[in-house]
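Encoded as structure tokens, the structure appears first; notes follow it.
The values are calculated or read from the model by the stated rules, or taken from the named source; none is laboratory data. Just so we're clear, the structure is a prediction, and the values are computed from it rather than from any experiment. Because the Cβ atoms are built from the backbone with ideal geometry, glycine has one as well, and the counts that use them run over all protein chains shown. Ligands, DNA and RNA are stripped out before the accessible areas are found, and what is left, the full protein with its side chains, is counted by its heavy atoms. Shrake-Rupley method; radii C 1.70, N 1.55, O 1.52, S 1.80 Å.
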Amino acid sequence: GRNQLAQLIPGNSYVDQWYDALAQCLPEYDIDTIPRVAAFVAQCAHESGSFTAIKENLNYKAESLSRVWPRLFPADVAKKYAHNQEMIANRAYGGRMGNGPEETGDGWKFCGRGLIQLTGRANYQSFADSLEMSIDDVPEYLATFEGAVQSACWFWESNNLNQWADKSDILTLTKKINGGTLGLEDRKKHFEHALHVLGA
């Protein structure tokens, strides 16, 4: 219940709202056993800093831009873009993931949002289609408790992640979510803690 969630996202001020959204969404996506719920909450808690960061932070300084995207942000360009999140998103994400080129503004409009960040026009469109919703309403919906949870559930289902949760295979889950193994130990810790709290 709520008390269990409070232990899994310590310090979060909105436990009630998150609990209600999870209770509503998880069963719709068959995230309905202790290992599945534990894996889902653990991965989301890791990805979102205990359900606090539900919009991508692109507030990079010039040196960081050049390090993360060397081709797009050589030193002279990086100086002009530093700390302007909208400009950074439009350049970094322009022309990929279904986004139009930099000048269309798609990069910023479809930047990462939700507990497992949904990024890019193509993903936003697929998510919108799954809910029979207009893509123009998705950015605002992803900023709500329900939308942040539902998009993560949609990602989970689209990538068939329950099968790995059933096997407690946190390595494979992490690769499917992260593309690599970033934060693997922390994710494992979150998962073991969630199993314990949920009474497995």
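In region 1-33, which residue that is farther than 22 Å from S158 by Cα and of a type in the set (G, A, S) is most open to solvent (accessible area, probe 1.4 Å)?
So the residue we want is S13.
Mind telling me which of the residues L173, L184 ends up being free of Cβ contacts under 8 Å to residues at least 60 places away in the same chain and under 12 Å from A42 (Cβ atoms)? Before the answer, list the steps.
On the way: L173 fails: free of Cβ contacts under 8 Å to residues at least 60 places away in the same chain.
Criteria check complete, one pass: L184.
For (1) of a type in the set (K, R); (2) closer than 14 Å to Y60 by Cβ; (3) within 21 Å of the chain's Cα centre (by Cα); (4) crowded, with 18+ Cβ neighbours inside 10 Å, each residue gets a yes or a no:
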residue	(1), (2), (3), (4)
P70	no, yes, no, no
F73	no, yes, no, yes
A78	no, yes, no, yes
N84	no, yes, no, no
I88	no, yes, yes, yes
R91	yes, yes, yes, yes
N99	no, no, yes, yes
E103	no, no, no, no
G107	no, yes, yes, yes
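Quick check: is even one residue across region 113-130 open to solvent by 20 Å² or more (accessible area, probe 1.4 Å) and more than 18 Å from the chain's Cα centre (by Cα)?
Yes: one or more hits.
Among the residues of region 142-166, write down those that are surrounded by fewer than 20 Cβ atoms within 10 Å (Cβ to Cβ), free of Cβ contacts under 8 Å to residues at least 60 places away in the same chain and in a helix (DSSP H, G or I).
Matches in region 142-166: S158, Q163.
Could you check, for region 43-56, whether at least one of its residues is over 19 Å from the mean Cα position of the chain (by Cα) and either open to solvent by 40 Å² or more (accessible area, probe 1.4 Å) or touching a residue at least 12 places away in the same chain (Cβ under 8 Å) (or both)? Break it down into steps so the answer makes sense when it comes.
Kept after step one, since they are over 19 Å from the mean Cα position of the chain (by Cα), are these residues of region 43-56: none.
Within region 43-56 (the criterion being over 19 Å from the mean Cα position of the chain (by Cα) and either open to solvent by 40 Å² or more (accessible area, probe 1.4 Å) or touching a residue at least 12 places away in the same chain (Cβ under 8 Å) (or both)), the answer is no, since none of the residues qualifies.
If M133 passes every condition in (1) more than 21 Å from A38 (Cα to Cα); (2) among the aliphatic types (A, V, I, L, M); (3) open to solvent by less than 50 Å² (accessible area, probe 1.4 Å); (4) assigned to a loop (DSSP other than H, G, I, E, B) but one, which one does it miss?
The failed condition is (3).
Quick grid of which residues meet (1) aliphatic (A, V, I, L, M); (2) assigned to a helix (DSSP H, G or I); (3) open to solvent by 40 Å² or more (accessible area, probe 1.4 Å); (4) modelled with pLDDT of 95 or more:
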{"position": "S168", "(1), (2), (3), (4)": "no, no, yes, yes"}
{"position": "T174", "(1), (2), (3), (4)": "no, yes, no, yes"}
{"position": "G180", "(1), (2), (3), (4)": "no, no, no, no"}
{"position": "K189", "(1), (2), (3), (4)": "no, yes, yes, yes"}
{"position": "H193", "(1), (2), (3), (4)": "no, yes, yes, yes"}
{"position": "V197", "(1), (2), (3), (4)": "yes, yes, no, yes"}
